[in-house]
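Q: Please see the structure below; I have some questions.
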Amino acid sequence: MIKRFVAAAALGGALVLGLPAGASAQQTTLRVGIASADAGVLDPHLNSSTPGRGFLQWMFNGLVRIKPGELSPEFMEPDLAERWESSQDGKTWTFHLRRGVQCHGGFGEFTAEDAVFSLNRAATRDTSTFSSDYVAFDRVEAVDRYTVRITLKNTIPSLLGAVMNYAGGFQVCKAAVEQMGNEGFRRRPIGTGPFAFAEYVPQQYGRLVANDQYFRGRPQIREVMYRFIPSDAARDLAFQSGELDMIYGRQDQTWFMRTQQLPNVRVVAMQPAEMSVIHLNMSMPPLNDIRVRQAIAHAINRDQIVQLRGPNTSVTALSVVPRGYLGHNEAAPLLPPDPARARALLAEAGHPNGITIRAIHTTLPGMMSVMEGVQAQLRRAGITLEITPVEHATFHQQIRQNLSQVVHFQAARFPVADVYLTQFFHSRSIVGTPTAVTNFSHCRVADAEIDQARGETNRERAIALWRTAQEKIVREVCAVPVYEQMQLWAYRTNLDLGYELRASLNLAPPLLETTRFTR
Amino acid sequence: MSAFIVKRLGFAVITLWAVLTLVFFIVRVVPGDPAQVVLGDQATADAIAAMRVRLGLDRPLVLQYAEFLFGALRGDWGISLVTGRPVLVEVMDVLPWTLELTVASLFIGAIIGIPLGVWAAVNRNRIPDYVTRLASLLGLSFPAFVSGILLLILFAIQLRWFPVISAQAEGVGGWLRALALPAFNLGLIMAAYITRVTRSAMLEVLSEDFVRTARAKGVPWRVVVWRHALRNALIPVITIVGLYLGVLIGNSVLTEIVFNRPGLGKLIVGALNQRDYTMLQGMMVIYTLVVIVVNLLTDLAYGAADPRVKLK
């Protein structure tokens, strides 16, 4: 009786409420789930968040781009510029733009005027988060309607990195910004990419539509729904129920294994990995003694941490610059795990009973579990690590106020060694100074090499300098690199991205005009 | 009655001002920098300082406070520091979602909780009473996100009756399907509260003389319970519903996250994480107003439930 009642109620409910319609024969709407409640400000020159960059990359182009699915600048190819050349001294760069590229929303053809406006906007502190990437720019000018010339004050390691489809290199349409103002533009971003902005509903989704005038051809995906789903469980369930076609994964091994077992699902662990590094603040005792820092380095077992995080989703760090970055030194002299040697070094430094050090740490669970693993390893060597957990925004503020002896930081950057070395290990970036970025260790041993490599026009010599810089930083034990955490995404096997997804600098898979559903 | 309402509104204005002032200063005391959040972790100290100027965070606190108060009086709640969109627009975009969820869960809570409470009271210390008490205890102690996930696994994944993403709805059918699970999830917690309060209020009323008199006069037991006793037991139920309504709006955040619904709870958590001061201030105005209005309505409902109650 009860069973019959339940069945009848279910049938009645289904009839009244209407069950989901079956999938259409040829799906043209891509539904993506991202781990965030919002994408943030919709301005490619301001937004540096993972959900924001992932969304904005589908609307904007650069003058050049890294081949979709790749990470290394070696794969640089034309985007809005069809070709380019540089002067022998590397200080003058000329880009020849494609003709007939149309801005979204009827804002006209993208010309050299737009490129000049866009790069100047990216270089301006009030309108760009990435203005410091353009300090070497002397002037940007339109030689003619389709030619842009960039003159540098001094050479930089990767000029193409500053004009590619990433961060400040995203090209905005001048007429759109001038007509709507910066605030208006942020509510209706206008680019030249394969997808155009359609709608943004806070806390729910951003919607893009195909740009039929896209210069590479009419996109086969007609609509993109980018849903903000901060709950990992809810995102996974929505993917399982077929309400999403692609999701940002939780960065752990369990998620990887479980999701991989779902039928017709592909799980990708892609680059760029975020490298987890323990920065040792050398301005604070006892970490001002190199023997203590060496003891800490000997106490940390990187392979064990990778086992903890999961071998499918993470790899051991090999240097203070992540793998795959131009100039990465895979043979940096990292100290091997050796708790006995760590104890001996501590005794030699006058701490036979061990030491206590303190770390202000974010409450983000993924990072916290690693730090707890490190804490356990340090304990075996007589080092007590006291962790003060604080909420993430507080963490970012306090570590920049030079309040923590030990800083555990996880980051991915533009894949040229210069960026990582400059931001984390150059004396200009030491926290607490006006030019501070993220040098938490107060490291300054490799300034000369980093600066010299910046001005070096010969790539091989620049790479050699970056390798030397890494060796010096590792020997000084400014920081202990631990592991690299890959970006995890899952999508249905009937979604053909149009390229092999190995990496994405914007941390979400690029969508191309050829991206489509196969059945 | 009108004197009562005017007096309450006077108190409301003072309460609102006090809450706004507290919120204004508390959010600025909490560590964390909105400029840093906006610019991300690659920003230089110079860029962060420039952003603080752009956001107006470098000006004296008293000046910021005065601007905020005058703006609030004019109905201008400012621009979100993080998204750059007007706070009022962002709040008003999600407010209907929260109200809809709250009202629906309140309705579910009442239609389950009141009859269960009455049933338990009239069957005191018998199996129905034990079962109801156990069930309401479970409802109170079950975290909303756990029950939410369980409901999703059963009804959205296994049975496929409802969508996982409850913010996607087309038509009345779609709207009901989208609302059903989150409302039921919150409604169960509400029902647990109402059941327990109804039961204890009913037990008290059922032992009073007028109930015994009504029974002695031959009034049917059903009429005694549902017409005479329940009406007299409603005051504490209304009190708990009124009190809990404010809590429900705040507590809906877990349900909003699990069922992927927009709402005030989710907005306030996001604003707090991102140190979006202007957004937090705007949210507090709404919360305070809602609590004040709900309390006023609760007081008015006393009179409607029991004519002996006079509002002065």
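The values are calculated or read from the model by the stated rules, or taken from the named source; none is laboratory data. Worth saying up front: this structure is predicted, and the values here are computed from it rather than measured. Cβ atoms come from the backbone with ideal geometry, glycine included; neighbour counts cover every protein chain shown. Heads up: the accessible areas ignore ligands, DNA and RNA and are worked out on the full protein's heavy atoms, side chains in. Shrake-Rupley method; radii C 1.70, N 1.55, O 1.52, S 1.80 Å.
Q: Check off (1) touching a residue at least 40 places away in the same chain (Cβ under 8 Å); (2) under 20 Å from A:LEU318 (Cα atoms); (3) out of contact with any Pro (no Cβ under 8 Å at 6 or more places or on another chain); (4) among the acidic types (Asp, Glu) for A:GLU484 and give me the number that stays unchecked.
A: Result: A:GLU484 fails condition (3) only.
Q: Please enumerate the residues belonging to region B:219-247 that are β-branched (Val, Ile, Thr) and in contact (Cβ under 8 Å) with a residue 12 or more places away in the chain. It would help to see each step written out before you state the result.
A: First, the residues of region B:219-247 that are β-branched (Val, Ile, Thr): B:219, B:223-225, B:235, B:237-241, B:247.
Residues satisfying the conditions are B:VAL224, B:VAL225, B:ILE235, B:VAL237, B:ILE238, B:THR239, B:ILE240, B:VAL241.
Q: Turning to a different aspect of this structure: Take the residues in region A:235-263 that are within 22 Å of the chain's Cα centre (by Cα) and among the polar types (S, T, N, Q); name whichever of them is nearest to B:GLU256 (Cα to Cα).
A: A:GLN251
Q: A follow-up question, please. Report, ordered by the first and then the second residue, all pairs with beta carbons closer than 8 Å, sequence separation of six or more or different chains, a first member in region B:145-166 that is without any contact (Cβ under 8 Å) to a residue 12 or more places away in the chain, and a second member that is open to solvent by 50 Å² or more (accessible area, probe 1.4 Å) and assigned to a loop (DSSP other than H, G, I, E, B).
A: As it stands, the answer is B:ARG160/A:LEU19; B:ARG160/A:PRO20, since those pairs meet every condition given.
Q: Search region A:398-455 for residues being among the β-branched types (Val, Ile, Thr), open to solvent by less than 10 Å² (accessible area, probe 1.4 Å) and under 19 Å from the mean Cα position of the chain (by Cα), and hand back the single one that is farthest from the other protein chains (Cβ to nearest Cβ).
A: Per the criteria, the residue is A:VAL416.
Q: Mind telling me which of the residues A:ILE387, A:ILE383 ends up being away from every other protein chain (no Cβ under 11 Å), open to solvent by 20 Å² or more (accessible area, probe 1.4 Å) and farther than 28 Å from A:THR468 by Cβ? If you could, list the steps in order and put the result at the bottom.
A: Values: A:ILE383 fails: open to solvent by 20 Å² or more (accessible area, probe 1.4 Å).
So the residue among A:ILE387, A:ILE383 that is away from every other protein chain (no Cβ under 11 Å), open to solvent by 20 Å² or more (accessible area, probe 1.4 Å) and farther than 28 Å from A:THR468 by Cβ is A:ILE387.
Q: Are there any helices (runs of 4 or more DSSP H) wholly within region A:347-436 with 1 or more residues that are more than 26 Å from B:ASP46 (Cβ to Cβ) and in contact with a strand residue (DSSP E or B) (Cβ under 9 Å, 6 or more places away or on another chain), and if so which? Give the derivation first.
A: On the way: elements: A:365-380, A:392-400, A:417-425.
Helices (runs of 4 or more DSSP H) meeting the threshold: A:365-380.
Q: Is it the case, given these coordinates, that B:ALA43 is modelled with pLDDT under 80, closer than 27 Å to A:PHE424 by Cβ, part of a helix (DSSP H, G or I) and within 14 Å of chain A (Cβ to nearest Cβ)? Lay out the reasoning, then the answer.
A: Values: modelled with pLDDT under 80: yes; closer than 27 Å to A:PHE424 by Cβ: yes; part of a helix (DSSP H, G or I): no; within 14 Å of chain A (Cβ to nearest Cβ): yes.
When the stated conditions are applied, B:ALA43 does not pass them.
Q: Filter region B:2-43 down to residues that are among the small types (Gly, Ala, Ser) and open to solvent by 20 Å² or more (accessible area, probe 1.4 Å), then give me how many there are.
A: 4
Q: List, please: which pairs have Cβ atoms under 6 Å, are six or more places apart or on different chains, and start with a residue in region A:170-186 that is modelled with pLDDT of 95 or more and end with one that is polar (S, T, N, Q)?
A: Going by the 6 Å Cβ cut-off, the qualifying pairs are A:GLN171/A:ASN61; A:GLN171/A:SER118; A:VAL172/A:SER118.
Q: Quick check on my filter: what residues within region B:61-88 are among the aromatic types (Phe, Trp, Tyr), closer than 17 Å to B:LEU22 by Cβ and over 25 Å from the mean Cα position of the chain (by Cα)? Working first, answer last.
A: As a first pass, look at region B:61-88 and keep what is among the aromatic types (Phe, Trp, Tyr): B:65, B:68, B:70, B:77.
Cutting the leftovers down to closer than 17 Å to B:LEU22 by Cβ gives us B:65, B:68, B:77.
Listed by number, the residues that qualify are B:TYR65, B:PHE68.
Q: Six or more apart or on different chains, Cβ under 6 Å: which pairs go from a residue in region B:255-267 that's at the interface with chain A (Cβ under 7 Å from one of its Cβ atoms) to one that's acidic (Asp, Glu)? Could you list them?
A: Cβ pairs passing all conditions: B:LYS266/B:GLU256.
Q: Would you pick out the residues in region A:316-333 that are open to solvent by 40 Å² or more (accessible area, probe 1.4 Å) and modelled with pLDDT of 95 or more? If you could, list the steps in order and put the result at the bottom.
A: Taking region A:316-333 first, the residues open to solvent by 40 Å² or more (accessible area, probe 1.4 Å) are A:318, A:323-324, A:330-331, A:333.
Correct list: A:LEU318 only.
Q: Of everything in region B:179-205 that's more than 10 Å from chain A (Cβ to nearest Cβ) and farther than 21 Å from B:THR239 by Cβ, which residue is most open to solvent (accessible area, probe 1.4 Å)? Step through it out loud before you land on a result.
A: Our first condition is that a residue be more than 10 Å from chain A (Cβ to nearest Cβ); within region B:179-205, this holds for B:179, B:181-205.
Okay, now just the ones that are also farther than 21 Å from B:THR239 by Cβ, so B:179, B:181-185.
Numbers: B:LEU179: 14, B:LEU181: 8, B:PRO182: 1, B:ALA183: 3, B:PHE184: 75, B:ASN185: 1 Å².
So, considering only residues that are more than 10 Å from chain A (Cβ to nearest Cβ) and farther than 21 Å from B:THR239 by Cβ, the one most open to solvent (accessible area, probe 1.4 Å) is B:PHE184.
Q: Hey, another quick one. For the subset of region B:268-289 comprising residues that are assigned to a helix (DSSP H, G or I) and open to solvent by 30 Å² or more (accessible area, probe 1.4 Å), which member is farthest from the other protein chains (Cβ to nearest Cβ)? Give the derivation first.
A: At the first step, the residues of region B:268-289 found to be assigned to a helix (DSSP H, G or I) are B:268-273, B:277-289.
Now narrow it down to the ones that are open to solvent by 30 Å² or more (accessible area, probe 1.4 Å): B:268-269, B:272-273, B:284, B:287, B:289.
Numbers: B:ILE268: 11, B:VAL269: 8, B:LEU272: 9, B:ASN273: 6, B:MET284: 18, B:TYR287: 17, B:LEU289: 20 Å.
My answer is B:LEU289.
Q: Further question on the same structure: Quick check: anything in region A:127-138 over 23 Å from A:GLU183 (Cα atoms), out of contact with any helix residue (DSSP H, G or I) (no Cβ under 9 Å at 6 or more places or on another chain), open to solvent by 60 Å² or more (accessible area, probe 1.4 Å) and away from chain B (no Cβ under 14 Å)?
A: Looking for residues that are over 23 Å from A:GLU183 (Cα atoms), out of contact with any helix residue (DSSP H, G or I) (no Cβ under 9 Å at 6 or more places or on another chain), open to solvent by 60 Å² or more (accessible area, probe 1.4 Å) and away from chain B (no Cβ under 14 Å), one finds at least one in region A:127-138, hence yes.
Q: Going through region A:269-286 one residue at a time, which ones are crowded, with 19+ Cβ neighbours inside 10 Å and in contact with a Phe, Trp or Tyr (Cβ under 9 Å, 6 or more places away or on another chain)?
A: Within region A:269-286, A:ALA269, A:PRO272, A:ALA273, A:MET275, A:SER276, A:VAL277, A:ILE278, A:HIS279, A:LEU280, A:ASN281 qualify.
Q: Provide a single number: the residues in region A:256-265 that are crowded, with 20+ Cβ neighbours inside 10 Å and either within 14 Å of chain B (Cβ to nearest Cβ) or closer than 17 Å to A:GLU484 by Cβ (or both). So that I can check it myself, show each step before the final result.
A: Here is the first cut: in region A:256-265, the ones crowded, with 20+ Cβ neighbours inside 10 Å are A:256, A:259.
In the following step, the residues that additionally are either within 14 Å of chain B (Cβ to nearest Cβ) or closer than 17 Å to A:GLU484 by Cβ (or both) were identified as A:256.
Adding up the residues that qualify gives 1.
Q: On the basis of being in a loop (DSSP other than H, G, I, E, B) and either within 14 Å of chain A (Cβ to nearest Cβ) or of a type in the set (S, T, N, Q) (or both), does B:TRP175 make the cut? Before you say what the answer is, go through the steps one by one.
A: Working: in a loop (DSSP other than H, G, I, E, B): no; either within 14 Å of chain A (Cβ to nearest Cβ) or of a type in the set (S, T, N, Q) (or both): yes.
No; evaluated as a whole, the condition is false for this residue.
Q: Return the residue satisfying two criteria in turn: it lies in region A:204-226 and is touching a residue at least 60 places away in the same chain (Cβ under 8 Å), within 14 Å of chain B (Cβ to nearest Cβ) and closer than 12 Å to A:ILE34 by Cβ, and of such residues it is surrounded by the fewest Cβ atoms within 10 Å (Cβ to Cβ).
A: If we filter region A:204-226 for residues that are touching a residue at least 60 places away in the same chain (Cβ under 8 Å), which is where we start, we get A:206, A:208, A:211, A:213-226.
With the extra rule that they be within 14 Å of chain B (Cβ to nearest Cβ), the set shrinks to A:206, A:223, A:225-226.
Filter again for closer than 12 Å to A:ILE34 by Cβ, leaving A:206, A:225-226.
Values: A:GLY206: 27, A:MET225: 21, A:TYR226: 24.
Filtering region A:204-226 for residues that are touching a residue at least 60 places away in the same chain (Cβ under 8 Å), within 14 Å of chain B (Cβ to nearest Cβ) and closer than 12 Å to A:ILE34 by Cβ, the one surrounded by the fewest Cβ atoms within 10 Å (Cβ to Cβ) comes out as A:MET225.
Q: Right, something else. Of (1) modelled with pLDDT under 80; (2) farther than 25 Å from B:ARG74 by Cα, B:ALA214 satisfies all except one. Which?
A: The failed condition is (1).
Q: Something else now. Applying the selection to region A:319-334, what residues are out of contact with any strand residue (DSSP E or B) (no Cβ under 6 Å at 6 or more places or on another chain) and closer than 16 Å to A:CYS478 by Cβ?
A: A:SER319, A:VAL321, A:ASN329, A:ALA332, A:PRO333, A:LEU334
Q: Continuing with the same structure: Are any of the residues in region A:217-227 within 21 Å of A:MET270 (Cβ to Cβ) and either in contact with a helix residue (DSSP H, G or I) (Cβ under 7 Å, 6 or more places away or on another chain) or among the hydroxyl-bearing types (Ser, Thr, Tyr) (or both)?
A: To start, the set of residues in region A:217-227 that are within 21 Å of A:MET270 (Cβ to Cβ) comprises A:221, A:224, A:226-227.
Among the residues that remain, those that are also either in contact with a helix residue (DSSP H, G or I) (Cβ under 7 Å, 6 or more places away or on another chain) or among the hydroxyl-bearing types (Ser, Thr, Tyr) (or both) are: A:226.
Checking region A:217-227: at least one residue is within 21 Å of A:MET270 (Cβ to Cβ) and either in contact with a helix residue (DSSP H, G or I) (Cβ under 7 Å, 6 or more places away or on another chain) or among the hydroxyl-bearing types (Ser, Thr, Tyr) (or both).
Q: Scan region B:63-75 and give yes if some residue there is in contact with an Asp or Glu (Cβ under 8 Å, 6 or more places away or on another chain) and either open to solvent by less than 80 Å² (accessible area, probe 1.4 Å) or facing chain A (nearest Cβ under 10 Å) (or both), otherwise no. Quick ask: steps written out before the conclusion?
A: In the first step, residues of region B:63-75 are kept if they are in contact with an Asp or Glu (Cβ under 8 Å, 6 or more places away or on another chain); the result is none.
No, because not a single residue in region B:63-75 is in contact with an Asp or Glu (Cβ under 8 Å, 6 or more places away or on another chain) and either open to solvent by less than 80 Å² (accessible area, probe 1.4 Å) or facing chain A (nearest Cβ under 10 Å) (or both).
Q: Further, regarding this structure: Given A:ILE247, A:ILE278, A:ILE229, which one is among the aliphatic types (A, V, I, L, M), within 14 Å of chain B (Cβ to nearest Cβ) and closer than 24 Å to A:ARG413 by Cα?
A: Details: A:ILE278 fails: within 14 Å of chain B (Cβ to nearest Cβ); A:ILE229 fails: closer than 24 Å to A:ARG413 by Cα.
Answer to the selection: A:ILE247.
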